[in-house]
Amino acid sequence: MFIPIKEIYELTEKIKNTYDERNLVSLANRMGAAVEFKRLGRNRKSCKAMYTQISQFKLITINSDMTNDEVEIVLLHEIGHVALKHKADLL
């Protein structure tokens, strides 16, 4: 699914103005998603993260074997799924 950069920018601005939160785990929590960190491997093919929704429970799982910079980028991506109300992994 392709989302134009303008839409991403507008959504980002809306989130920043709504939540005024710099801590990404706190931001995800305030948006209604729990965040957990699990060891998922260090090799190139290891899963970096996933967003799952079970009924009304939203969960972001992050690979804790990544660097802090990688975690930040990947967590931002997963927060995007929450913000866009994606249901791809709905159980």
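The values are calculated or read from the model by the stated rules, or taken from the named source; none is laboratory data. Being a predicted model, the structure only gives us computed values, none of them experimental. Please note: Cβ atoms are built from the backbone with ideal geometry, for glycine as well, and neighbour counts cover all protein chains shown.
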_Matching residues, region 42-57, being small (Gly, Ala, Ser), surrounded by fewer than 16 Cβ atoms within 10 Å (Cβ to Cβ) and closer than 21 Å to residue 76 by Cβ_ = 46
*Total residues in region 19-35, condition touching a residue at least 24 places away in the same chain (Cβ under 8 Å) and surrounded by 14 or more Cβ atoms within 10 Å (Cβ to Cβ)*: 7
*Restricting attention to region 58-72, does a residue exist that is small (Gly, Ala, Ser) and out of contact with any Lys or Arg (no Cβ under 7 Å at 6 or more places or on another chain)?*
no
*Note down all Cβ pairs under 6 Å where the first residue falls in region 50-76 and is among the charged types (D, E, K, R), the second is at pLDDT 95 or above and surrounded by 19 or more Cβ atoms within 10 Å (Cβ to Cβ), and they're at least six residues apart or on different chains.*
58/33
*Tally of residues being surrounded by 11 or more Cβ atoms within 10 Å (Cβ to Cβ) and either β-branched (Val, Ile, Thr) or within 16 Å of residue 81 (Cβ to Cβ) (or both) across region 58-70*: 6
*Test for residue 8: is it within 10 Å of the chain's Cα centre (by Cα) and either at pLDDT below 95 or over 17 Å from residue 84 (Cα atoms) (or both)*: no
*Taking the stated definitions as given, is residue 16 touching a residue at least 12 places away in the same chain (Cβ under 8 Å) and closer than 18 Å to residue 81 by Cβ?*
no
